[in-house]
Amino acid sequence: MNVIEFANLRYRWKGQQQDILNIAELQIRKGEHAFLRGESGSGKTTLLNLLAGILTPTSGHIRMLDNDFHAMKSSQRDRFRADHMGVIFQQFNLLPYLSIIDNVSLPCHFSKMRKERAGDIKATASRLLEHLKLDNEFQQRPVTELSVGQQQRVAVARALIGKPEIIIADEPTSALDTNTRNDFLSLLFDEAESQGSTILFVSHDPYIAERFPRVIELEEVNQR
Amino acid sequence: MILLKLTWQSLWNRRTTLLLTILSIAISVSLVLGVEYIRKEARQSFMNTISDTDLVVGARSGPVQLLLYSVFRIGNATNNISWDSYQEIAQHKWVKWTVPLSLGDSHKGYRVLGTNTDYFTYYRYADKRELAFLEGKPFAGVYGAVLGAEVARKLGYQLGDKIVIAHGAGSTSFSEHKNKPFTVSGILKPTGTAVDRTVHVTLEGIEAIHIDWRAGTPIPGLEVSAEKAASMNLQPKVITAFLVGLKTRTAAFRLQREINEYKPEALLATIPGIALSELWRAIGQFEVVLRIITFFVLIAGLLGMLTTLLTTLNERRREMAILRAVGVPPSQVFFLFVLEAVIIAVLGGILGMLLLGVGILLSQPWIAETYGFYLRTWLPQTNDWLLLSVVVGLAALFSTLPAWIAYRRSLQDGLTVKI
């Protein structure tokens, strides 16, 4: 099954003469963790927002888990994102006023589906954190006392809770040093694999690419 | 529900700013409600001054002026009216009772009112309440005096004390009727009206102290002793005004017309309720001004809140992106800001009410002591809740600006905010 499918996708910002994205075809299968590499200005950001359903293509189609985004209203795409996607940002992933557990459980409050899949939300959040090497003692700390690496792992737990099919990671390792980065990637892969989520990892960092079964060079697929 | 929790936690995270914002709204709310309350109390107290009197009659002037000097003891009568006219009207078939009033003298700044014991029987204030004695009883004999509550309290008089009345209404009059002191026979309970600030004496007493006076000064070489004066004919020839109670209230307008057309003397009869309303309208303009001022204070408080909301917009950009990422639609981002404003306004409003209630409770004894004005305990009325909901509504309205900005941004930023 294809998790993500692009067909003749074009996107052009208002007032621009040229398309920023023009992708004739792109498919990512379930479990096929993909590394999407592109320099800044290559349309990565736009692509992410299209995938998340926040932007809609100027023309062409995006199909996610056999749902045609084109046929959905923006509120339906918001719902789809809540149900089926986990997002990890570059940094500042957490709400400083929520506890670690509450940060992790956040998606369950906006998606019934993920709430049901998570079961006992707190226990699931705690178990996920533990798998990500953040034990009970850590879980009691205020978010603001965590290191960047720890914050990113909490963000992974939040993205994974309720077993969403797609994990979108936007340069989540750029603020981490090499060792932390490797640990982070291993933990991310292990957890995603164990619950059957497909990772779409966006970065400009070629050194991470080797760990992914599939690498997509944005410059190559994008025919602008 | 989760939005409420998020808003609350987010607010709690910014509690210092939040507290100041709430406080500024609380102060403006307590000011608006307080002014409204004082306005009502002042009006009430004003309207309470006289009750159950159908007509006030005096020399011809204006109804407001007549009411001011006869009931509020403010200003002076332009003219007196003759005892004969008074008697004639008092005998009228529709008249149930009359109370004569004779003004013009003072005691240490307080007005002295010459009257008779009918005053204590018929005078009513507030909601037909009778005058009550704190101690003592109405005056008996020529040189008896009954003190209003404030007079007794401020000047420290007790029953049996002797007081000397000064000629004229000023507080620094040097011509005193020293040879004929009055003895305090009673002290009235506080009424919250001009009665509290009045020294009541007998009409005969007023006559007696002026028996050896002409044109405002003692007649040289003619000094009549108090005892001798008391034995003389003390039937007054003139009085300042009188109050009239009728057998049937409906006769008031007809008798008023009759008195106003009374041939032997130029008289004026006025219906107190009507004159009071007229007087309040005249001096009540300040109400409008106060209301406008407090309205602007309220707007200033809300603008303070708006400023706070707008300044937090940037630091909360990341927060909004995270919420968008977990599937919060832009409409709920909008709602989040409105919810925040509503919470701030509700808390501010309730704190404002508390401030006002406690403030009035604490200042009650002081105000009663200083102004003889008893403020009733403040409890929110329907109007106050209505005003509170207007404040909350305005806050929600104001918050649509930051909410709209956040909404626009969350559409543009999507998942990729770079800070």
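Rounded to the nearest 10 degrees, the angle from helix B:330-371 to the longest Cα principal axis of chain B is 20 degrees. The spacing between region A:142-178 and region A:3-25, judged by their C-alpha centroids, is 29 Å. Shown here for region A:50-148: trypsin sites (Lys or Arg not before Pro) in loop regions (DSSP other than H, G, I, E, B) with at most 16 other Cβ atoms within 10 Å, namely A:LYS73, A:LYS133. Charging the Cβ of each Asp and Glu at -1 and of each Lys and Arg at +1, and nothing else, the dipole of the protein assembly as shown about its Cα centre rounds to 1000 debye.
Taking the DSSP bridge list for the protein assembly as shown and keeping only pairs wholly inside it, about 65 percent are antiparallel.
Across peptide A:85-97, the mean count of Cβ atoms from other chains lying within 10 Å of each residue's own Cβ comes to 5. With springs only between Cα atoms under 10 Å apart, run a GNM on chain B and tell me which of B:ILE283, B:ILE239, B:ILE343 wobbles the most. Result: B:ILE283 has the largest fluctuation of those listed. Principal axis analysis of the Cα atoms in the protein assembly as shown yields extents of 129, 50, 39 Å, listed in decreasing size.
The charge dipole of region B:113-203, taken about its Cα centre with unit charges on the Cβ of Lys, Arg, Asp and Glu (plus for the first two, minus for the last two), comes to roughly 40 debye. Rounded to the nearest 5, what % of the DSSP beta bridges within chain B are antiparallel ones? That works out to approximately 80 percent antiparallel.
Normalised radius of gyration (Cα atoms, divided by 2.2 N^0.38 Å) for region B:55-270: 1.00.
Rounded to the nearest 20, the size of the Cβ-charge dipole of region B:55-270 about its Cα centre is 580 debye, with Lys and Arg at +1 and Asp and Glu at -1.
Rounded to the nearest whole angstrom, the semi-axes of the ellipsoid equivalent to chain A, taken from the Cα gyration tensor as √(5λ), stand at 29, 20, 15, largest first. Considering helices alone, the calculated mean residue ellipticity of the protein assembly as shown at 222 nm is -15500 deg cm²/dmol, with DSSP H runs of length four and up weighted by -39500 (n - 2.57) and normalised per residue. Comparing A:LEU21, B:GLY304, B:SER30 along the charge dipole axis of the protein assembly as shown, the residue lying farthest to the positive side is B:SER30, per the Cβ-charge model. Here region B:55-270 carries DSSP beta bridges of which approximately 80% are antiparallel, counting only pairs with both residues inside. Relative protection proxy for A:51-61, B:357-367, from highest mean packing down: A:51-61, B:357-367 (other beta-carbon atoms within 10 angstrom). Give B:LYS108/B:LYS247; B:LYS108/B:LYS180; B:LYS128/B:LYS180; A:LYS44/A:LYS115 a once-over and call out the pairs whose C-alpha atoms are over 27 Å from each other. Among B:LYS108/B:LYS247; B:LYS108/B:LYS180; B:LYS128/B:LYS180; A:LYS44/A:LYS115, the Cα-Cα distance tops 27 Å for B:LYS108/B:LYS247; B:LYS128/B:LYS180; A:LYS44/A:LYS115. Couplings 3J(HN,Hα) for region B:408-413, derived from phi with the Karplus relation 6.51 cos²θ - 1.76 cosθ + 1.60 (θ = phi - 60°), are 4, 5, 5, 6, 6, 5 Hz, where x marks Gly and Pro. With distances taken between every two different alpha-carbon atoms, chain B has a Kirkwood hydrodynamic radius of 25.8 Å. Report the residue, chosen from B:PRO138, B:PRO264, B:PRO100, that carries the largest GNM mean-square fluctuation when chain B is represented by alpha-carbon nodes joined by springs under 10 Å. Taking springs between Cα atoms under 10 Å, the residue moving most is B:PRO264.
A short reminder: the numbers here are calculations on the coordinates, not readings from a lab. Keep in mind that this is a model prediction, so the values were computed, not measured. Using ideal geometry, Cβ is built from the backbone for each residue, glycine included, and neighbour counts are taken over all protein chains shown.
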